[in-house]
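The values are calculated or read from the model by the stated rules, or taken from the named source; none is laboratory data. Model, not experiment: these values are computed from the prediction. Note that we place each Cβ from the backbone using ideal geometry, even for glycine, and neighbour counts take in every protein chain shown. These accessible areas exclude ligands, DNA and RNA; they are computed on the full protein's heavy atoms, side chains included. Shrake-Rupley method; radii C 1.70, N 1.55, O 1.52, S 1.80 Å.
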Amino acid sequence: MPYLPTAQAYLEQSRLLISARPTTTKIITKYTLPKKGRKPKETSSSPPPTSETSHPQQQQSQPPKATLTLKTYDPASGVCLKYSTDKAAEVGRLIAALGTCGRIMAALPAKEERADEGAMVEGDAPVVKEEAKAVQKESGKEMKGGQGGHKGGDKGGVGGGGGGKKKKGKK
Amino acid sequence: MPSEHLTTNEFLSRLTTLFQSRTHSSHGSVYITQKRLSPSSLPALATDTPLPPSSPYPFADLAPPHPLPILVRATDGKSQEDRKDRVKFSTVVQAEELEGFFARYADICKGGMAGLKKRDRSGRKKGKKKGKGGEGEKKKG
């Protein structure tokens, strides 16, 4: 299973998977700092098209580029959902989502968590709430989107997550 | 595998230490796994095989009578030849402790994952460098 394009797509699909198979599904959070040997490859060759290029003198080149990879895996059905990021800004939201997933695993009602989650995650609270609503509304629909994603690869996945919603709303 | 689980407090403090040791050695990994702790009282749920269709409760795990605890494991990802000095510990979070646990866990992760890219505010002001689609899509929700 390839990596999902956005955190939102990953979280929605993960919630669905955990809801369907709460006993066997597990979430693996991997935080990796690459070995020093890999670093020169990125810095010595042509600068990568990131925001770093505008401020090469910043200390950002000093720490190695770490990655955070989330994997939701259900060994019973073989479903594996992955998402990888290198942005520190996403950590809070992703961990809060892991808490939501934990509630589903624990068979707790998901509702009251949403309010607390907003307080927990500083800047990203509205996003989380909206997302939660979206998941509730579209839980059936997303399954279709997910299947489309398998067929059409990355492009199909994006359409299922973002574009699909608006169309359905108009109908 | 050692079967003793740490308390959540011990677990979180050891997790902090683990993150710090990664930062100091400037390479390495931290693996954290969370899954439902299958109770032995619900039959056949501890295994990964589905219940037979003749079972009176084929989907008993979808609606258990009471909330279940969550098992959280953490390792430094070392295996095989490095097995001797491998760091590995686990805890069981009761359902009612989940919120508090994840609040503290999120703080530890935010502090511990220092190698990730910081939000680049200077780039945002210019508005030119935001070529990546990821951020924009998320904001839409």
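Yes/no per residue for (1) open to solvent by 10 Å² or more (accessible area, probe 1.4 Å); (2) at the interface with chain A (Cβ under 7 Å from one of its Cβ atoms); (3) farther than 20 Å from A:Lys30 by Cβ:
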position	(1), (2), (3)
B:Asp85	yes, no, no
B:Gln94	yes, no, yes
B:Leu98	no, yes, yes
B:Phe102	no, yes, no
B:Tyr105	no, yes, no
B:Lys117	yes, yes, no
Worksheet item: A:Tyr10: modelled with pLDDT of 90 or more and more than 8 Å from every other protein chain (Cβ to nearest Cβ), yes or no?
Response: yes
Worksheet, complete the sentence: In the range A:63-98, anything hydroxyl-bearing (Ser, Thr, Tyr), open to solvent by 40 Å² or more (accessible area, probe 1.4 Å) and closer than 13 Å to A:Tyr31 by Cβ is listed as A:Thr67, A:Ser84
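One line per residue, one yes/no per condition, for (1) open to solvent by 80 Å² or more (accessible area, probe 1.4 Å); (2) modelled with pLDDT of 70 or more; (3) of a type in the set (Asp, Glu):
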site	(1), (2), (3)
B:Thr8	no, yes, no
B:Thr33	no, yes, no
B:Pro56	yes, no, no
B:Asp120	no, yes, yes
